[in-house]
Amino acid sequence: MKTVQKLEVGAGIITLIATLLFFFFAGFLKIIKESEYFNTTVKEELFWSFLILIIPSLLITFGSYFHASKQSKLGFAALIIGGSILMLYFGVIFFSGGAFYYYGVVGGFLSVIPGIFAAMTIILALRSRKSSALLD
């Protein structure tokens, strides 16, 4: 495995870890407050958080691994889909101006990191794809 491919897998793993940190340290407390405010159950809020945050992060992590190790097109597609969802979600949160107001300073920074690493993983996957195409 080349250095670019190792970086791709590492960035995918860091994306998952950063998303879990955001979910447990910043998002979980807000889920309880949102469920009281929007008159929904905590289970519903956890389901939507899991669907929007954790599943795309898992797609990025496993997609980057399968793409880097096996040059899988399905892994690349999973990586692109998961990365697009995370970048869109965290981009909207951050550029709407409410990340630091809503989550506080630490939560605001935690809300930015997964989107940055998702973008980095996609860029490394494209770079890895380009460098492997040159060898063929």
For this session: Pull up the range 102-127, narrow it to residues that are of a type in the set (Gly, Ala, Ser) and surrounded by 17 or more Cβ atoms within 10 Å (Cβ to Cβ), then point me to the one that is nearest to SER57 (Cα to Cα).
Result: ALA118
Exercise. Hey, does the range 78-101 have a residue that's closer than 15 Å to GLN5 by Cα and crowded, with 16+ Cβ neighbours inside 10 Å?
Worked result: yes
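Coordinate-derived values only; no laboratory data. Predicted model, so just to flag it, every value in this text is computed and none were measured. Neighbour counts are summed over all protein chains in view; Cβ atoms, including those assigned to glycine, are modelled from backbone coordinates with ideal geometry.
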